[in-house]
Amino acid sequence: MKDLLAAAAFTLLAAAVFVLTVPFPPGAEGSLSPASYPRLLAASLALLTGLLIVEGRRRKAISAAERTDVAAAVGVVGLTAVYLVAWHRWRFDVPTVLYVAALSRLSGPGRWGSALLFAALVTAFLSVAFGYVLRVPLDGI
C-alpha cells in the first residue's frame with residue numbers, strides 16, 4: 001500500500017513535468033529542446049514508478065507509522081507538483097513563500113506564523129541570491 005501511494009504521487013509529479021514542458025520552444029537544428037532533459041527525468045520517474053507499483057502489489061499491509069510517513073511523502077510530492085504549476089503560472093515570490101511554509105508545517109508541529117516568517121526569509125534570501133548575486137531572474141523561468 002505504501003508503495004502504491006508513493007507511486008501515485010510520483011505519477012502526478014511526472015505528469016506535471018510533461019504538462020509544464022509543453023510550451024518550451026523546439027531546439028535549434030541538430031540540438032535538443034530545453035524540454036528534453038526535464039522530460040527524460042519525468043520518463044525515468046515514470047519507469048521507476050512502474051517498478052514501485054510492481055513492488056507495492058507484492059506487499060500486503062503497512063503499520064501506522066508507515067502510514068504517517070506515506071502521508072507526509074505524498075504531501076511533499078503533491079505540494080511540489082502544485083508549486084511547479086503555481087510558479088509557472090504566477091510570480092516566484094508568493095508561491096515560494098506558501099510552498100516553504102507548507103513544507104515546514106508538514107515536517108512537524110509548529111505555528112503558521114513562524115512557518116510563514118521562515119518562508120518569507122528563505123524566499124527573500126533566494127531572490128537576492130539569484131537576482132542580484134547570480135543575476136538569474138527567477139520570474140522569467
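The values are calculated or read from the model by the stated rules, or taken from the named source; none is laboratory data. Everything numeric in this text was worked out from a predicted model, so none of it was measured. Note that each Cβ is placed from the backbone with ideal geometry, even for glycine, and that neighbours are counted across all protein chains shown. Surface areas here come from the heavy atoms of the whole protein model, side chains and all, with no ligands, DNA or RNA. Shrake-Rupley method; radii C 1.70, N 1.55, O 1.52, S 1.80 Å.
Checked against the criteria, LEU51 counts as open to solvent by 60 Å² or more (accessible area, probe 1.4 Å) and at pLDDT 80 or above.
Checking each residue in the stretch 80-107 for being without any contact (Cβ under 8 Å) to a residue 40 or more places away in the chain, within 22 Å of ALA6 (Cα to Cα) and open to solvent by 50 Å² or more (accessible area, probe 1.4 Å) picks out VAL82, ARG105, LEU106, SER107.
For the stretch 1-36, the tally of residues that are hydroxyl-bearing (Ser, Thr, Tyr) and either within 15 Å of LEU84 (Cα to Cα) or within 16 Å of the chain's Cα centre (by Cα) (or both) stands at 2.
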